[in-house]
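The structure under discussion appears below in the form of structure tokens.
The values are calculated or read from the model by the stated rules, or taken from the named source; none is laboratory data. Here the structure is a predicted model, which means the values were calculated and not measured. Cβ: placed from backbone, ideal geometry, glycine included. Neighbour counts: every protein chain shown.
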Amino acid sequence: MMIDKQARYLQTHEWVRKGPGNAYTVGLTAYAIEQLGDIVYLELPPVGKELQKGDIFGVIESVKSASDMYIPIGGKVTAVNADVPDNPDMLKAEPYGKAWMIQIEASNPAEFDGLMDAAAYEKFLETEAH
Amino acid sequence: MPSNQPKRTPLYEKHCIAHAKIVDFAGWEMPIQYPAGIVQEHLATRKSAGLFDVSHMGRFRISGNQAGAFLDYGLTNYAGGLPMGMSHYTILAQDDGGAVDDAWLYRFESDNYILVVNASNKDKDWKHLQSLKARFTSVVLEDLSESLAMVALQGPQSEAILKGLLTGGALPEPKRNAASVAALAGHKVFIGRTGYTGEAVCFEIMVQADKAGALWDILLAKGAAPIGLGARDTLRLEASLPLYGHEMGLDSEGKTMPILACPTARFAVADSEKKEYVGKAAIQRQLAALERYKKGDFSDSSVLPKRIVCLRITDKGIARQGSPVFCQGRPVGVVTSGTSVPYWKYDDSQTITEHYDQRSVALAYVDCQLTAGAEVQIEVRGKMLGAKIVKRNLKPGAAAMMAVFE
């Protein structure tokens, strides 16, 4: 399963990575995308929206269901990737690359260090699968 | 046998070999999708041919010289008038005019019928039919669900595939609902020109359970694509076909939905005054209400306060079962089924292309006065999505593949 070694993770399968610059980039993991199946609709927040860690920042819908997405790190939304809602197929190909979802100006960067790292997330996925 | 043990159809191993994602559906371990995924499976059915395992559905054989009379009494359609080599849509009605289940009745042979019912209702249907059987002493009711498997082959290439495999008998002719006994690659089969996809070219095939795997493999080898329950649902929803538990049965408040609240059900109710049947008095009141509505008279909507309508979502977003529906700010009902479905794009000369897109469609149970053309709003996560009531989202008949958005 594809994983980004630099990113940190939530058990709900969102990832967050440092950069670009002082911002943090947020997306959904390859595992989550595979579990959801065909993605047909994506709703992302507007630029400027203030989010607390754990808030719902968007909704991702497959043919079968709608799922909330949670923000791993609190702060203000500074950029939204408008390409992804227009072309959800890119989530399958590049969940950690071109299919990033939002960028955040973190209000408390220390929150990042408290998240699961790639190794811990991989271990978590093993328990999830069994 | 413990009732919580999930059941498997004779094709379960085939689904595993094909790397299907297996889910529990009505107590059965069934493929929800294969590696191609719901969208590609839906599109394959519309463009070529899709193969479905529908063995989880219940199959009852009704025989004996009172079989026709018994089915006339227990079902809403005119079973006594069903010619040999034909089939029809029918409903097991309650006395109050609600549905125990909807079903398909086949007459492959003169002296017996096969009734196909929903997997989730099978035990209930069996008890219901048994309870009605007392007055028909010479009727034999048998459960063939285990001994007879069932697959559906749907889509424009289906007929060519079956023709190439025919070793005896003939395909059902000439049109939809015809039924025949034939042999495919040496296996005796019962075939109906029926289905649950809205495809004009469609077949459902019953075969002895121990021959199902061989038939499945041959149909795949001839080019059919395996289709899971996920795409089965998007295909039926695009074609506005009802699903018991959504558009029939109990509504979101737990109240019985009158059978004729669902427009498709009209095809399952005999016009004939000839027969007495369970639910007749209530259904006749529903028919009278429909006649009044047709004339624009909505002065008495007590019998059919709401009806199932087909919706096209005009804003970006997806309506789901349970989403409230409003008209000019007034609550008018609720979405019963909704999702995003893919459709093939056509070029200017009406030829199918290699390109597809997605669109958001739904069925909803709304105020009886709302008909095609009405604009409504659907509440999804606190936001209002615009939607329009349409006659259908898919053209019927020969151009069934052509997705319309009128």
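None of B:Ala18, B:Ala49, B:Ala36, B:Ala44 is more than 20 Å from the chain's Cα centre (by Cα), away from chain A (no Cβ under 12 Å), in contact (Cβ under 8 Å) with a residue 24 or more places away in the chain and buried (at least 16 other Cβ atoms within 10 Å of the Cβ) except B:Ala18.
If the condition is being surrounded by 20 or more Cβ atoms within 10 Å (Cβ to Cβ), within 23 Å of the chain's Cα centre (by Cα) and either modelled with pLDDT under 95 or aliphatic (A, V, I, L, M) (or both), then segment B:120-147 contributes only B:Leu129. Residues in segment B:68-81 that are at pLDDT 95 or above and of a type in the set (A, V, I, L, M, F, W, C): B:Phe70, B:Leu71, B:Leu75.
Name the strands (runs of 3 or more DSSP E) wholly inside segment A:1-72 in which the number of residues that are within 12 Å of another protein chain (Cβ to nearest Cβ) is 1 or more.
A:39-43, A:56-62, A:66-70
Restricting to segment A:89-108, and then to whatever is surrounded by 20 or more Cβ atoms within 10 Å (Cβ to Cβ) and under 29 Å from B:Ile38 (Cβ atoms), can you tell me which residue is nearest to the other protein chains (Cβ to nearest Cβ)? My answer is A:Leu91.
Applying the selection to segment B:278-306, what residues are in contact with a strand residue (DSSP E or B) (Cβ under 7 Å, 6 or more places away or on another chain) and of a type outside the set (A, V, I, L, M, F, W, C)? Residues satisfying the conditions are B:Gly279, B:Lys306. Among the residues of segment B:359-394, just one is free of Cβ contacts under 8 Å to residues at least 40 places away in the same chain and either in a strand (DSSP E or B) or more than 14 Å from every other protein chain (Cβ to nearest Cβ) (or both), namely B:Gly373. Residue selection: A:Tyr70 fails the criterion of being surrounded by 19 or more Cβ atoms within 10 Å (Cβ to Cβ), touching a residue at least 12 places away in the same chain (Cβ under 8 Å) and at negative phi.
Among the candidates B:Ser55, B:Ser120, B:Ser87, the residue that is in a loop (DSSP other than H, G, I, E, B) and within 19 Å of B:Tyr196 (Cα to Cα) is uniquely B:Ser55.
Looking only at segment B:306-328, decide whether some residue is crowded, with 21+ Cβ neighbours inside 10 Å, assigned to a loop (DSSP other than H, G, I, E, B), within 14 Å of another protein chain (Cβ to nearest Cβ) and at positive phi. For segment B:306-328, residues crowded, with 21+ Cβ neighbours inside 10 Å, assigned to a loop (DSSP other than H, G, I, E, B), within 14 Å of another protein chain (Cβ to nearest Cβ) and at positive phi: present.
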